[in-house]
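Read the figures in this text as sums done on the coordinates, not as results from a lab. Keep in mind the model is a prediction, meaning the values are calculated, not measured. For neighbour counting, all protein chains shown are included, and Cβ atoms are generated from backbone atoms with ideal geometry for every residue, glycine included.
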Amino acid sequence: MSNNDAVLEGGQPLSRTAGLVLVMNTPKVVEVSPVLIFPEDEVEKHVQHTVLQHYTYYWPSESGRSMTQALALGLGSMFNHSTRDQNVGWIRNTETEVIVYTTLRDIKAGEELCISYGSARLWFPDADAQANTSEGLGDDNDDTGGSTLAELDLSGLSKMDI
Ligand SMILES: C[S@@+](CC[C@H](N)C(=O)[O-])C[C@H]1O[C@@H](n2cnc3c(N)ncnc32)[C@H](O)[C@@H]1O
């Protein structure tokens, strides 16, 4: 059993597709996902024409262009997005080629773990934003058109040793 087996399990959360649910109270690092990096030419020719585009993260490229993308292996591809209550932050480590996912607040066992896909427009109807509407909290993020997970600015976590 790996550490991840003890922390996360599959659930049926927000999107009614797969997601991740916490099985113990508030660990700090909930997942470290190695990444599979797609160079720019592969992104242009292949990735952006497939469902993989909905799972990949922007990854810094040698050329400085932003077309390089990375697929998180392990559980990193299974986090759903929350507009209302993101409880997990993430950050790339480009040296070790992993994405590290870290709790942002106390989280109880049984809660869904959600990251933010960033401020770009979402490419799916946001179940979390719709929940906001039903609670009278407004709905300003039910957009479509974006495609790739964007980076969250996590000051203070950028020097993690993982
Ligand atoms: C990175 S995957 C997350 C895992 C995905 N739920 C699955 O079953 O494979 C991104 C996809 O999850 C779904 N998703 C994530 N967050 C969502 C949300 N807040 N509302 C609705 N669908 C969501 C969308 O279909 C999106 O394309």
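Structure values in brief
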{"read-out": "Under 5 Å, built H, 5+ apart or other chain: amide partners of Asp126", "value": "Asp143"}
{"read-out": "Calculated from backbone phi, Karplus (6.51, -1.76, 1.60) coupling profile of region 93-103 in Hz, x at Gly/Pro", "value": "10, 6, 6, 8, 6, 9, 10, 9, 10, 9, 5"}
{"read-out": "Environment charge at Cys114 (Cβ cut-off 10 Å; Lys +1, Arg +1, Asp -1, Glu -1)", "value": "-3"}
{"read-out": "Distance (nanometres) between label positions extended 7 Å along Cα→Cβ at Leu36 and Glu95", "value": "2.7 nm"}
{"read-out": "Using θ = phi - 60° and Karplus 6.51 cos²θ - 1.76 cosθ + 1.60, couplings along region 69-80 (whole Hz; Gly, Pro as x)", "value": "10, 9, 9, 6, 7, x, 9, x, 7, 9, 6, 7"}
